[in-house]
Amino acid sequence: MNRVKTKLFPQWLIHLAALTPLLWLAGVFLIDGWGINPIQYLEKRSGDYALVLLLASLACTPLRFITNSARFTQFRKPLGLYAFAYAALHLLLFVGLDYGFTWDEIIPLVLNKTYLWFGLAAFVLLLLLAVTSTQGWQRRLKKNWQRLHTLVYLTGGLVVLHFALSIKGNIFKLSGEVFWPLISMIVLSILLLIRLKPIRSALRRLHR
Ligand code: HEM
């Protein structure tokens, strides 16, 4: 196969990029504070970072098809694990800081809000994917490991729905704060489309 050599970031730059949002949050706090509702601010930002890192992780395989370089594959796992870490922080801020671990308030709230069902389902899947991301689990699950890890696309879909339904506005009527949820839906759809067999074959032909 004709491999295109791409000069890419070293691994440490990926770690730096994934940790920069924390430095950014610290900087915002020192300069301006986190606004009148700092808990909500942190909840929103941690959710945003988790989504961006998840989409970045999902972009690695399509980028491999587009550039014909396998080098992007090495970033998929660290980006996915960072997405999980920010999602865990997001959840911790919600249950710990926002609701002080008062489960008799949290459980009815989660049951009553559709967007939280999607968030919870996405988190459970992210946890499953993070736990089974090791080489040990890869060996143990053999072919099923690949199948299990395609669930990352379902996870992306659930997170995007969680985002779209959490905003002030109506995504179905395109009214209110729909811009970013819509952008994330479009990005996820493009990433999924590139994985489709006819598109992959067309890209392969283009590289020959
Ligand atoms: C049990 C799991 C989860 C809970 C309880 C939860 C809770 C919340 C809450 C309460 C909000 C609304 C914040 C506000 O507007 O005040 C929110 C928004 C959001 N969450 Fe989650 N979430 C969960 C899982 C996830 C996961 C797994 C991700 C991403 C990987 C995620 C990404 C987001 C995003 C992107 C937003 C919108 C932030 C914005 O408005 O800019 N959430 N979540």
Net length gained if the chain between ARG200 and LEU22 were fully extended (0.36 nm per residue, minus Cα distance): 60.4 nm
Lysine pairs, Cα distance under 19 Å, 8 or more residues apart or cross-chain: how many in the chain? 5
Please identify the trypsin sites (Lys or Arg not before Pro) of segment 1-103 that satisfy two criteria: DSSP loop assignment and at most 16 other Cβ atoms within 10 Å. Which are they? ARG3, LYS5, LYS7
Å² of accessible area per residue within segment 11-207, as computed with a 1.4 Å probe and no ligands counted: 60 Å²
Report, to one decimal in Å, the Kirkwood hydrodynamic radius for segment 79-165 based on all distinct Cα pairs. 14.0 Å
Rg [Å, one decimal], Dmax [Å, integer] - the chain, C-alpha atoms: 18.7, 60
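For the chain, which span is the longest to avoid every loop-located (per DSSP) member of chymotrypsin sites (Phe, Trp or Tyr not before Pro) having at most 15 other Cβ atoms inside 10 Å? Mind dumping the intermediate values first?
Numbers: sites that count: TRP34, TYR99, PHE101, PHE172.
By the stated rule (loop sites, at most 15 other Cβ atoms within 10 Å), 102-171.
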Rounded to the nearest 10 degrees, the helix 197-207 long axis (Cα) sits at an angle to the longest Cα principal axis of the chain of 50 degrees
Calculate the length of the line joining the C-alpha centroid of segment 111-175 to that of segment 22-39, in whole Å. 28 Å
For the chain, longest principal axis from Cα atoms; helix 11-32 axis from its Cα atoms; angle between them, nearest 10 degrees, is 20 degrees
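If you put +1 on each Lys and Arg Cβ and -1 on each Asp and Glu Cβ, how big is the dipole of the chain around its Cα centre, in Debye rounded to 20?
For the chain, the charge dipole is close to 1920 debye.
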Between THR114 and ASN144, 0.36 nm times their residue separation minus their Cα-Cα distance comes to what? 7.7 nm
Taking amide hydrogens as modeled 1.01 Å from N in the peptide plane, which residues meet the under 5 Å criterion relative to SER133, leaving out close sequence neighbours? none
Can you compute the FRET efficiency between THR102 and ILE66 using 1/(1 + (r/R0)^6), with r the Cβ-Cβ distance and R0 = 41 Å? Round to the nearest 0.05. 0.30
Accessible area of segment 11-207 belonging to carbon and sulfur atoms, whole % at 1.4 Å probe: 70 percent
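Pairs of Cα atoms under 8 Å, at least six residues apart: use those to get the relative contact order of the chain, whole percent. Intermediate values should be presented prior to the final figure.
Working: 185 pairs, mean separation 44.6, N = 208.
Relative contact order for the chain comes out at 21 percent.
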At TRP137 and GLN11, where each label point lies 7 Å from the Cα along Cα→Cβ, what is the point-to-point distance in nanometres? 1.9 nm
Between 0 and 90 degrees, rounded to the nearest ten: what's the tilt of helix 76-92 against the longest Cα principal axis of the chain? 10 degrees
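The values are calculated or read from the model by the stated rules, or taken from the named source; none is laboratory data. Predicted model only: the values in this text are computed from it and were never measured. Cβ: placed from backbone, ideal geometry, glycine included. Neighbour counts: every protein chain shown. Remember, those area values only see protein heavy atoms, side chains included, never the ligands or the DNA or RNA. Shrake-Rupley method; radii C 1.70, N 1.55, O 1.52, S 1.80 Å.
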